[in-house]
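Down below is the structure, laid out as structure tokens.
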Amino acid sequence: MEETLAFADLLRLMDDRSIAFRTAVAAAPSLDVRVPTCPEWTLYDLVQHLGEGRRKWAAIVAAGPADAPPAISAPVAPREHEALLAWFAASTEELLAALRKAGPDRGCWTWWGDSQSPQTAGAVARHQLQQVAVHTYDAQVAVGAPQPLPGEVALDGVDEFVTTCVATTSAWPHQPAVIDYHATEGRSWRLWFSADGARTARISAPADVEGPEVAYVSARGTANELVMFFYGRITMDSLQLDGDRRVLDQLIAWDPEE
């Protein structure tokens, strides 16, 4: 079974996607251009959101193990196009520097404490790569030049999402269910949902569903399509579905914190 991306690769790809993000924003005629995939935002809002996130997570990583995130006061994002891009580049470097100094195994606060992802700087790097990758796509859509995520980013993105954003100890409020995700690149994941929560694992071959009382659905697409579905950039109709699609509707509507 393939391993997840190495820490050095996460940082390399985060820098790569940050450059691609700035390139897309630089190509826009105005920062007031609307972002179709984030309908409430302009490009300025998108850069501000992502840049402030870089600085927030840099502070979290630097603080080390904690029960809550540190309070920070980030500098205001400038309104001028070139200055905003420089501010974003500095925000990215702040996060990368904090991650390099911490290393992958150092603990820190995260919001995913009951998931299957560890509360470490390495897990932060992994999640923040996906954040900048998906928002790079958003910026590219806004300027009319969308590109799929790089293959290694997309494949890790599927695993990262189901491990961090879906796996939980919160009880599943519906009948037990199983969802399989199949990337056409040759990787598959299974998720089990029950009163004990949601858990996930990679599977190397199709496996039997656990009993006739279990609702089941599978979704197949490229890794890029799966990530875009997870983050609401495309609908489930863009994927090849087999089984009870109502399970996906239930998952989309589920808020484990309620």
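The values are calculated or read from the model by the stated rules, or taken from the named source; none is laboratory data. All of these numbers come straight from a predicted model, not from anything done at the bench. Every residue, glycine among them, receives a Cβ derived from its backbone with ideal geometry; neighbour counts consider all protein chains shown. The accessibility values were calculated without ligands, DNA or RNA, using every heavy atom of the protein model including side chains. Shrake-Rupley method; radii C 1.70, N 1.55, O 1.52, S 1.80 Å.
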Restricting to the range 106-115, name every residue that is under 16 Å from the mean Cα position of the chain (by Cα), under 15 Å from residue 70 (Cα atoms) and surrounded by 16 or more Cβ atoms within 10 Å (Cβ to Cβ).
110
Residues of the range 105-153 satisfying the condition of being outside any helix (DSSP H, G or I) and charged (D, E, K, R)
105, 106, 114
Go through (1) closer than 24 Å to residue 45 by Cβ; (2) open to solvent by 40 Å² or more (accessible area, probe 1.4 Å) and name the single condition residue 204 misses.
(1)
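In the range 4-11, is there at least one residue being in a helix (DSSP H, G or I), without any contact (Cβ under 8 Å) to a residue 12 or more places away in the chain and open to solvent by less than 60 Å² (accessible area, probe 1.4 Å)?
At the first step, the residues of the range 4-11 found to be in a helix (DSSP H, G or I) are 7-11.
Retained after the next criterion (residues that are without any contact (Cβ under 8 Å) to a residue 12 or more places away in the chain): 8.
Those left that are additionally open to solvent by less than 60 Å² (accessible area, probe 1.4 Å): none.
Looking through the range 4-11, none of the residues is in a helix (DSSP H, G or I), without any contact (Cβ under 8 Å) to a residue 12 or more places away in the chain and open to solvent by less than 60 Å² (accessible area, probe 1.4 Å).
Residue by residue, here is whether (1) open to solvent by less than 50 Å² (accessible area, probe 1.4 Å); (2) within 17 Å of the chain's Cα centre (by Cα) holds:
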position	(1), (2)
215	yes, no
218	yes, no
232	no, yes
235	no, yes
238	no, no
244	yes, no
251	yes, yes
254	yes, no
Restricting the range 153-169 to residues that are touching a residue at least 60 places away in the same chain (Cβ under 8 Å) and open to solvent by 10 Å² or more (accessible area, probe 1.4 Å), the residue that is nearest to the chain's Cα centre (by Cα)
161
Just to be sure before I move on: is residue 79 open to solvent by 30 Å² or more (accessible area, probe 1.4 Å) and closer than 12 Å to residue 47 by Cβ in the structure I sent?
yes
Boolean, residue 190 is part of a strand (DSSP E or B) and in contact with an Asp or Glu (Cβ under 6 Å, 6 or more places away or on another chain)
yes
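Determine which member of the set 150, 118 is free of Cβ contacts under 8 Å to residues at least 12 places away in the same chain, within 24 Å of residue 61 (Cβ to Cβ) and surrounded by fewer than 22 Cβ atoms within 10 Å (Cβ to Cβ).
Being free of Cβ contacts under 8 Å to residues at least 12 places away in the same chain, within 24 Å of residue 61 (Cβ to Cβ) and surrounded by fewer than 22 Cβ atoms within 10 Å (Cβ to Cβ) holds for just one of 150, 118, which is 118.
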For the range 24-49, give me the residue count where each residue is in contact with a Ser or Thr (Cβ under 8 Å, 6 or more places away or on another chain) and assigned to a helix (DSSP H, G or I).
2
Every pair of residues 6+ apart whose Cβ atoms lie under 7 Å, when the first sits in the range 27-41 and is among the small types (Gly, Ala, Ser) while the second is in a loop (DSSP other than H, G, I, E, B) and modelled with pLDDT of 95 or more
27/143; 28/143
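Residues are listed down the side, and each one gets a yes or a no for (1) touching a Pro at 6+ places or on another chain (Cβ under 9 Å); (2) at pLDDT 95 or above:
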site	(1), (2)
4	no, no
34	no, yes
42	no, yes
47	no, yes
71	no, no
77	no, yes
86	yes, yes
